[in-house]
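First comes the structure, then the notes that go with it.
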Amino acid sequence: MFLVIFICSIAGFVQAQNTEANKSVLITGANRGLGLELCKQFIKDGYTVYGTARKPSEAVELKATGSIVLQLDVTSEESIEALAESLKGKPLDILINNAGYFGPNKIGTKMDNIHNLTRKEIEMCFAVNTMGPIFVTQALLPNLEMGDTKKIINMSTRSSIISNARGGAWGYRVSKAGLNMVTSTLHGELYKKGFIVVSVAPGHNKTDMGTERGKLMPEESMPLLKKVIEELTPEQSSGFWYYNGKELPW
Ligand SMILES: NC(=O)c1ccc[n+]([C@@H]2O[C@H](COP(=O)([O-])OP(=O)(O)OC[C@H]3O[C@@H](n4cnc5c(N)ncnc54)[C@H](OP(=O)(O)O)[C@@H]3O)[C@@H](O)[C@H]2O)c1
């Protein structure tokens, strides 16, 4: 009897230890910035990590993390189709739609206002920040359906909060507010199938996009964001979560 209990305990322990080793995550825009740091954090915990890059041959740092590097331009139908084809039949637990585009002007500069706004800026922001996550998610739904945790994480920003808008960053703000609606709409369709869909905001980080003015280093914010993602419950689906776990308004 004792022997049976002992063997069962060991089996349970081994299973618990393997839980994360068996999990997989795909992170878009993973060759630099926050995506790269997220890859490092998930690899550290034994996940199978798929990191995407527009130019895999140049993604030296990403390769060095031990991630499986896949080509993806989120604005290209062919690229999204090829990604889905290369992952056919493979379960995916977490999709992080991280790839993002800010626009041609730094925030608050002379050109960053309604007078100088161009159609091209708005179109590119929508193509990367709003339509990208829609069609990447659509293509990877069969993989997510096979996964255990079925989490879709859309990397948004506090700049998308309607009451926060103080002018400027037009394409970025409007397209990320659109991304938040993507989160809500996906939740509406997928929640009953066991999916958890959220928007998250990473805080202002020192990256190419966040610039030197960023208050956080990705090495400090991304472990916290990873924890938020791992601890998400079904009740939190359709919400907007800050990297430190606080809920944000839309
Ligand atoms: N940094 C911050 O303070 C901050 C704050 C709030 C929200 N965010 C959000 O967090 C995410 C990551 O930001 P970050 O600071 O790491 O930005 P980043 O340093 O500018 O990196 C952006 C990443 O997105 C990729 N990307 C851009 N266009 C793409 C496309 N068409 N297809 C595929 N990948 C594309 C880039 O690839 P290439 O190298 O090929 O260009 C790069 O890997 C973004 O969604 C951003 O909006 C960041």
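At-a-glance table
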read-out: Computed accessible area, Arg173, all protein chains, 1.4 angstrom probe, square angstrom; value: 40
read-out: Residue-normalised accessible area of segment 158-250, expressed per residue, 1.4 Å probe, Å²; value: 51
read-out: Pairs of Cα atoms farther than 16 Å apart, segment 196-237, %; value: 42
read-out: Separation of the Thr233 and Asn22 label points, Cα + 7 Å toward Cβ, nm; value: 2.4
read-out: DSSP-loop GluC sites (Glu not before Pro) across segment 147-250, with at most 14 other Cβ within 10 angstrom; value: Glu212
read-out: Mean accessible surface per residue for segment 19-89, computed with a 1.4 Å probe while every protein chain stays in place, in Å²; value: 49
read-out: Within the accessible area of the chain (1.4 Å probe), percent carbon and sulfur; value: 57
read-out: Added length on full extension, which subtracts the Cα-Cα distance from 0.36 nm per residue, Thr118 to Asp148; value: 6.5 nm
read-out: Cα-based convex hull, the chain, per residue volume (Å³, whole number); value: 142
read-out: For segment 129-250, the fraction of alpha-carbon pairs in successive 10 Å shells from zero, as %; value: 13, 43, 35, 8, 0
read-out: Normalised alpha carbon radius of gyration of segment 151-223 [divisor 2.2 N^0.38 Å]; value: 1.24
read-out: Accessible surface of Ile196 - all protein chains present, 1.4 Å probe, nearest 10 Å²; value: 10
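The values are calculated or read from the model by the stated rules, or taken from the named source; none is laboratory data. Please read these numbers as outputs of a predicted model, since none were measured by experiment. Because the Cβ atoms are built from the backbone with ideal geometry, glycine has one as well, and the counts that use them run over all protein chains shown. Only protein heavy atoms, including side chains, enter the accessible area calculation; ligands, DNA and RNA are left aside. Shrake-Rupley method; radii C 1.70, N 1.55, O 1.52, S 1.80 Å.
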